[in-house]
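Inspection log for the structure reproduced underneath, given as structure tokens.
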Amino acid sequence: MNKNAHQPTYQTWRSFRSRCNRTKTWNYDKYGGAGITYNSAWDSFENFLSDMGERPDDMTLDRIDNSKGYFKENCRWATAAQQQANRKNCLLITHNGITQTSADWSRSLGLSKAAVWQRVVKYKWSQEKAVTTLKGA
């Protein structure tokens, strides 16, 4: 057995390669099946480790631009919140020079997590109205 097999960084390395290469992996269609590849140098765990370093606690591998593959310039260690904010379906809203997800705006305004998103997407409010209208208005 590989001495790294139970280490978080090694598990991350195995996982992204599986998503890109193995057609029987449950989420292959969103990765390899969608054309997401990785730097061939990262077939070596040592090369991946050299580029990315050890995985910090409570972080996972994140592609900065989700339309591109796994390579040093497009990857980072990210928190769950950063990962969530980097999803394709995430609604980013900028108001008064501050850019946040709709969920972050909702929390900062004391609204339910989905409130601002619903205001913009479901009810077709402007982004400004969605983040400046007080609760219950």
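Each value in this text was obtained by applying a stated rule to the coordinates, not by laboratory testing. These numbers come from a predicted model, not from an experiment. Positions of Cβ are generated from backbone atoms using ideal geometry, with glycine treated the same way; all protein chains shown enter the neighbour counts.
Assuming charge only on the beta carbon of Lys and Arg (+1) and of Asp and Glu (-1), the dipole of region 92-132 about its Cα centre is about 180 debye to the nearest 20. The C-alpha atoms of the chain define a longest principal axis, and helix 8-21 lies at about 90 degrees to it. The ellipsoid that matches the Cα gyration tensor of region 92-132 has semi-axes, each √(5λ) in whole angstrom, of 13, 12, 8, with the longest given first.
If you take the Cα centroid of region 14-44 and the Cα centroid of region 80-111, the two points sit 28 Å apart.
Contact order, relative form, for region 92-132: 33 percent (alpha carbon pairs under 8 Å, 6 or more residues apart, mean separation divided by residue count). The residue among Tyr31, Met59, Gly69 whose Cα reaches farthest toward the positive pole of the charge dipole of region 8-85, with charges on the beta-carbon of Lys, Arg, Asp and Glu, is Tyr31. When only Cα pairs below 8 angstrom with a gap of at least 6 residues are kept, the chain shows a relative contact order of 13 percent. When each of the peptides 94-104, 10-20 is scored by the mean number of other C-beta atoms lying within 10 Å of its residues, the order from highest to lowest reads 10-20, 94-104. Between Lys24 and Gln7, the modelled label-to-label distance comes to 2.8 nm, taking each label 7 Å out from Cα in the direction of the beta carbon.
Only Lys, Arg, Asp and Glu carry charge here, each on its Cβ (+1 for the first two, -1 for the last two); on that basis the chain has a dipole of about 660 debye about its Cα centre.
Computed over region 53-103, the P(r) tail beyond 15 angstrom holds 52 percent of alpha carbon pairs. Computed as a quarter of the hull surface, the mean projected area of the alpha carbon convex hull for region 3-74 stands at 4.9 nm². The value for the chain of Rg(Cα) / (2.2 N^0.38 Å) is 1.32.
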